[in-house]
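Here is the structure we will look at, set down as structure tokens.
Nothing in this text is a laboratory measurement; each read-out follows from the coordinates by a stated rule. What you see is a predicted model, and the numbers here were worked out from it, not measured in a lab. Every residue, glycine as well, gets a Cβ built from its backbone with ideal geometry; the counts of neighbours run over all protein chains shown.
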Amino acid sequence: MNKLITLLFLILSLGCSNQQTGEEDRIIKHLESQLDYAVKNAELLATSELISPRTSENGKLKLVKTRDWTSGFFSGNLWMMYELTGDEKWKETALKFTLPLEQEKWNGNTHDMGFKMYCSFGQAIKYTDNPEYREILIQSAKTLSTRFNPVVGCIRSWDHNSDKWDYPVIIDNMMNLELLLWAAKETGNENFKEIAIKHAETTIKNHFRDNYSSYHVIDYNPQTGEVQHKNTHQGYADESAWSRGQAWGLYGFTMLYRETGNDEFLGQAERIADFILSQPGIKQGEIPYWDFDAPGIPEEPLDASAGAIIASALFELSTFSDKQREYVSVARNLLATLSTDKFLAPVGENEGFLLKHSTGHKPHDSEIDEPLVYADYYFLEAIIRNRALKTKDE
Ligand code: GLY
């Protein structure tokens, strides 16, 4: 009798996992068709300057120049579609959207180098062995390093708003450190790694509140390293928890632990996760509002990009943490919500973007409840990470 029950259980769970795989395959096919449409749309509108889709504005596709912080994500999406399908067509298309970004390796006016170059060329070197791409990334890391001030212990994020801030560092900047950690491994130059670690340590010291939610902008005195202001730029208020900022922190410290093995970074990632998971609905897979403290909840716009970044980060954090089961379950719940009709755009709509309902910059009244190319990027990455976990479990 016991044997019969075990057999039945095995048959049922096999059926269940087959069903899940079938559903995953269906979604990947859907995403592939939509990305096909996105490429056609982008090629139609692209100019020598405007090269990469960012969002939709007044119902029209908005393309950006290479210097825009989002310029690397579309090519990253195409590389990830290559990973998901193995179809050489995606590799060729990805290269077409990656190569125009090369000139950014010299752009020292922004901290966004990691977003631009690591999400594009950083993906390209996974699937090609072209030594030129390696050199492009190393030069990008060198250029980014010039923005590090050892007195502050951080890379400077922005040069704008100089009337307001002397040396602004934003939580998003954690994401640019992956490029430096990669370059340290590739070249053996420890300086890249030291900068990344110092930046992360200073961020732990100054960016977080007692409940491990994070400020968006910390303004330092560049001569003394003292903290001068704790502000927001894209969140609701200086003291609120801007959702995507919390997501960047979670993802950034998880990645820092992966690359350094330093327990301090793992602990920080887990404490950020505790904060995020304590927010209403997140454990059940509800997509965050644009700011966890936005005053008009539940009438506030959502931010699918924050949901996708959190899902991707939790999948990775689960591989290092004792709370593996909880993190995987929340990440899968978020992924399931993003895969519903509410968020997943029908093929041929949404200007070719995969997801609907993201919010870029609410206080500036821009990109509210619109698609955003980086929501798609972390959504695809979360799908890939989930698939890798499932393969390991089997
Ligand atoms: N790094 C800018 C943003 O998250 O909107």
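Okay, here's what the table says:
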quantity: FRET efficiency estimate (nearest 0.05) - Cβ-Cβ, Glu326 to Leu99, R0 41 angstrom; calculated: 0.50
quantity: Computed label-point distance, nm, for sites Leu277 and Lys185 using a 7 Å Cα→Cβ extension; calculated: 2.6 nm
quantity: Calculated FRET value between Glu194 and Asp87, using beta carbons and R₀ = 51 Å, to 0.05; calculated: 0.80
quantity: Fraction in percent of alpha-carbon pairs per bin - 10 Å, the chain; calculated: 5, 23, 34, 26, 9, 2, 1, 0
quantity: Whole-Hz couplings from phi, Karplus 6.51/-1.76/1.60, listed for region 344-352; x for Gly and Pro; calculated: 7, 6, x, 4, x, 10, 6, 6, x
quantity: Top of Gly235, Gly252, Gly296 by mean-square fluctuation, Gaussian network on the chain, Cα under 10 Å; calculated: Gly296
quantity: Segment Gln20-Asn130, length gained on full extension (0.36 nm per residue, minus Cα span); calculated: 35.9 nm
quantity: 222 nm mean residue ellipticity, helices alone, for the chain (DSSP H n ≥ 4; -39,500 (n - 2.57); rounded to 500); calculated: -17500 deg cm²/dmol
quantity: Under the span-like rule (Cα at least 20 Å along the axis, Kyte-Doolittle mean at least 0.0), DSSP H helices of the chain; calculated: 2-45, 263-277, 304-318, 324-338
quantity: Region 326-355 versus region 36-105: alpha-carbon centroid distance in Å; calculated: 20 Å
quantity: Net charge contributed by nearby residues that have their C-beta within less than 13 Å of Ser213 (K/R +1, D/E -1); calculated: -2
quantity: Nitroxide proxy distance, nm - points 7 Å out along Cα→Cβ at Asp369 and Glu49; calculated: 3.2 nm
quantity: Contact order relative to length of the chain, as percent, for alpha carbon pairs under 8 angstrom and 6 or more apart; calculated: 15 percent
